[in-house]
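None of the figures in this text is laboratory data; all of them are computed from the coordinates on show. Values in this document were obtained by computation on a predicted structure and should not be read as measured data. Positions of Cβ are generated from backbone atoms using ideal geometry, with glycine treated the same way; all protein chains shown enter the neighbour counts.
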């Protein structure tokens, strides 16, 4: 687990580096944390005992964190202050790691938690991507290069629903498959 500080630093630098790439870069940084780094860190950490952490509880915690940071007021605060943006990214990573760790420790509840998370990530990505106007003022003023504000937001929504939705869906299906392969006690 000695790689954790380096990973945290890399994610922070990535989040700030993507800051100038509009909503698309913003979503790419978030998906790097919750859909790539979080499951990798959770898999690398020592296994938790089966009773430690409730996957569905962590799914609800992650839901609350992710959706809250997409409310316009919190989004504006994060866009205005690098420290707040880094705190947002750290919360996403911490909630993601906690959810994935709990899911890996309890595969049955974990499959349900990851599939539920896949649904809410997909829904939020779709809502952002299908909005008829830009939702976030700061990102609308600084879209990704070559895109207008609405196209940038649409692409950011697609990144969220494809990467976030797929990561959690595949994780949930993998846990479900491992449960179905287990021999049944007579």
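Details
- Taking all Cα pairs closer than 8 Å and separated by 6 or more residues, the relative contact order of the stretch 124-186 comes to 35 percent.
- Against the chain, whose longest principal axis comes from its Cα atoms, helix 165-181 is set at around 10 degrees.
- Percent RCO, i.e. relative contact order, over the stretch 80-186, from Cα pairs under 8 Å lying at least 6 residues apart: 34
- Nearest-ten-degree value, helix 22-31 long axis tilted from longest Cα axis of the chain: 10
- Burial ranking of peptide ranges 149-158, 168-177 (average Cβ count within 10 Å, highest at the top): 149-158, 168-177
- Annotation: the residues 182, 88, sorted from fewest to most other C-beta atoms within 10 Å of their own C-beta, follow the order 182, 88.
- Tail weight of P(r) past 29 Å, computed on alpha-carbon pairs of the chain, percent: 22
- Length released on extending from residue 119 to residue 45, taking residue separation times 0.36 nm less the Cα-Cα span: 24.1 nm
- Distance between the 7 Å Cα→Cβ label points at residue 137 and residue 181: 5.3 nm.
- Within a Gaussian network of the chain (alpha carbon springs, distance under 10 Å), most fluctuating of 121, 60, 27: 60
- Förster radius 25 Å - calculated FRET efficiency between residue 130 and residue 87 (Cβ-Cβ, nearest 0.05): 0.30
- Between 0 and 90°, nearest 10: helix 107-130 axis offset from the chain longest Cα axis: 20
- Estimated FRET transfer efficiency (residue 54, residue 148; beta-carbon r; R0 45 Å; 0.05): 0.55
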